[in-house]
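To start, the structure under review is shown below, and the notes come after it.
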Amino acid sequence: MSTFSKLEVKDKDIVTSLQGFFKTLLESKKIDAFMVPWHLPMKEVVMPTLISDVEQLDKADPLAPSFPMNAAKIASRLTKKPAGQTIALVMRSCEIRAFIELIKLKQGSLDNTVLIGIDCLGAFDNRDYASFAKKEVSTVRFCDKILKDKSENIEGLNLAAACKVCEHPVPDNADIIIGLYGIDYQSELLLEAPTVKGEELLQALNLPKTSESASRQQAIKSLISDREAKRDKMFEETSLATSNIEKLSGYLASCVNCYNCRVACPVCYCRECVFVTDVFDHDSFQYLQWAKKKGRVKMPTDTDFFHLTRMAHISLACVGCGQCSNACPNDIPLTELFRTVSHHTQKAFEYEAGKNIEEPIPLSVFNDKEYEEVVGINKQSTE
Amino acid sequence: MTEFEPTIVAFFCNWCTYTASDLAGTSRLSYPPNIKIIRMMCTGMVDPKYVIKALLEGADAVLISGCHPGDCHYINGNYKARRRVKLLKEMLKRFGLEEERLRLTWIGASDGLQLAETINTMVDQVKKLGPSEIKSTMVI
């Protein structure tokens, strides 16, 4: 069972309080380094940064509404081989879920890590964050907008599409969860330790004990049901927009095969994607053959093929972080498409990506008697 | 007007269904030529990409057929194929692909008769369904 402690907030400044909390942990020598979103000194950009010097934590800002990449990829790099030192990974809920998937794919490990999750307030896509940064609005003000005013429109900017329909605002599978929703966050934050690892760390800090209030549980419940309603509406709209291959083709029409979505995707983990290998390095003769077959062939070729293959590869592991849309130079709403398909494929295998580290990935296991409904030629379309 | 003749791309496992198609031939059983057989060593090596590519290139249907559960020459390839087909069906039906256009069957090496029947039925079903819309709408 989880244990709960309180973290005092001074001057209503939760960012400084979080930095203080991280500093105490780093000073305790139980943690050797922090991976945390950090304001770069040269430009208003927030990037995951590995910090070993306590002073440097002054610029750590895990609540900044910036989400330039899914840090699960960095976490995988940092934990793939044992380093013998403990790293605290401060990640968003979707980053933790993607990291869990990567661990199942043997691309990382929980050994020598402490996962710190914070109630996620969402983020802007890259373009909107750049505009937000120009306005010089503080992270604290952003938090107030989300938590107090319950607004999704901040200074004329909207949260990223993925964040608006995210039903995981509270991170699962963290060792320490820092709670913001449904509490008086301007005076204290809730520190939850669902694991032994987290509990031991918090115990050493001698923080005042507390419990999870009913109002917090209520706030989370209503937030999730609100998000689920929005998500279901998004599913419906996306399904309608892609209900046949022609529509899907139109949906993806502005794709230029840059594969940024695949690079940005935290669970697309192949070192070398088949789409950049010789398999797709066709001869000019081949292109002409294709063109002759129908009188024309759209270049670059294999666009729908790429997206459908990527879907077959990752839809069971998709955590809906939204980085595919964020990375798309042509603003294709990929998150909506992939989340919609993933929702159905994951449901078909009674699987939820990133939920449970013990649960095997559906395509990595099998039984002798299962899914017999897909075998045989008697089942007819229901139309 | 000539009747619609579908193209069905079939991935047959070398040990069971491909052998069954040989048996059907030597037994002088006939099945329609709409089926284009690709011999695989195992249904477990039918990459989902092959199915997607075949359908995007205009195949009216895809048939994957291999050994019955428990009979796989490689112990469990057919179980893996079954999960992949489950995933593909779930995914592709979001984009309007009909149930009849992707089939998985188990046909043992001695089931030449069953093979001929399966192909006959499948061709009939796809004929009824009509040509794949992908053929007319796709620009690749």
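Counting only residues that are part of a helix (DSSP H, G or I), among the hydrophobic types (A, V, I, L, M, F, W, C), farther than 18 Å from residue B:79 by Cα and open to solvent by 30 Å² or more (accessible area, probe 1.4 Å), how many does the stretch A:341-383 have?
Number of matching residues: 0.
Taking the stretch A:318-340, which residues are part of a loop (DSSP other than H, G, I, E, B), among the aliphatic types (A, V, I, L, M) and open to solvent by 10 Å² or more (accessible area, probe 1.4 Å)?
Result: A:319, single match.
Just to be sure before I move on: is residue A:297 farther than 20 Å from residue A:105 by Cα, in a loop (DSSP other than H, G, I, E, B), facing chain B (nearest Cβ under 9 Å) and among the aliphatic types (A, V, I, L, M) in the structure I sent?
Answer is yes for this residue.
Since residue A:303 meets every condition but one in (1) hydroxyl-bearing (Ser, Thr, Tyr); (2) open to solvent by less than 30 Å² (accessible area, probe 1.4 Å); (3) away from chain B (no Cβ under 11 Å), which condition does it not meet?
Failed condition: (3).
Quick test for you: out of A:42, A:47, pick the one residue that is part of a loop (DSSP other than H, G, I, E, B), open to solvent by 60 Å² or more (accessible area, probe 1.4 Å) and of a type in the set (A, V, I, L, M).
A:42
Among the residues that make up the stretch A:144-160, is at least one of them touching a strand residue (DSSP E or B) at 6+ places or on another chain (Cβ under 7 Å) and open to solvent by less than 30 Å² (accessible area, probe 1.4 Å)?
No, the conditions are met nowhere in the stretch A:144-160.
Can you find even one residue in the stretch B:129-137 that is over 30 Å from residue A:300 (Cα atoms) and either free of Cβ contacts under 8 Å to residues at least 40 places away in the same chain or crowded, with 18+ Cβ neighbours inside 10 Å (or both)?
yes
Mind listing whichever residues of the stretch B:106-136 are over 20 Å from residue B:31 (Cβ atoms) and part of a helix (DSSP H, G or I)?
Hits for the stretch B:106-136 are B:133, B:134, B:135, B:136.
Just checking, which of A:179, A:198 is in the same structural domain as residue A:214 (by TED's automatic domain parsing), of a type outside the set (D, E, K, R), over 29 Å from residue A:132 (Cα atoms) and open to solvent by less than 10 Å² (accessible area, probe 1.4 Å)?
Of A:179, A:198, the one residue that is in the same structural domain as residue A:214 (by TED's automatic domain parsing), of a type outside the set (D, E, K, R), over 29 Å from residue A:132 (Cα atoms) and open to solvent by less than 10 Å² (accessible area, probe 1.4 Å) is A:198.
Evaluate the following for residue B:89: is it modelled with pLDDT of 95 or more and open to solvent by less than 40 Å² (accessible area, probe 1.4 Å)?
Criteria met by residue B:89.
Select, from B:109, B:54, the only residue that is open to solvent by 10 Å² or more (accessible area, probe 1.4 Å), within 25 Å of residue A:308 (Cβ to Cβ) and aliphatic (A, V, I, L, M).
B:54
The conditions are (1) crowded, with 21+ Cβ neighbours inside 10 Å; (2) in contact with a helix residue (DSSP H, G or I) (Cβ under 6 Å, 6 or more places away or on another chain); (3) in a loop (DSSP other than H, G, I, E, B), and residue B:65 fails exactly one of them. Which is it?
(3)
Filtering the stretch B:91-105 down to residues that are in a helix (DSSP H, G or I) and within 7 Å of chain A (Cβ to nearest Cβ), which residue is nearest to residue A:247 (Cα to Cα)?
Checking each candidate, the answer is B:95.
Out of B:43, B:7, which single residue is touching a Leu at 6+ places or on another chain (Cβ under 8 Å) and either modelled with pLDDT of 95 or more or within 13 Å of residue B:105 (Cα to Cα) (or both)?
Of B:43, B:7, the one residue that is touching a Leu at 6+ places or on another chain (Cβ under 8 Å) and either modelled with pLDDT of 95 or more or within 13 Å of residue B:105 (Cα to Cα) (or both) is B:43.
Could you pull out every one of the helices (runs of 4 or more DSSP H) wholly within the stretch A:67-160 that has 2 or more residues that are under 20 Å from residue A:57 (Cα atoms)?
Per the criteria, A:72-79, A:139-147.
The values are calculated or read from the model by the stated rules, or taken from the named source; none is laboratory data. Just so it is clear, the structure is predicted and the values come from calculations on it, not from any experiment. As a convention, Cβ positions derive from the backbone with ideal geometry for all residues, glycine included, and neighbour counts pool all protein chains shown. Protein only, heavy atoms only, side chains kept; ligands, DNA and RNA dropped before computing areas. Shrake-Rupley method; radii C 1.70, N 1.55, O 1.52, S 1.80 Å.
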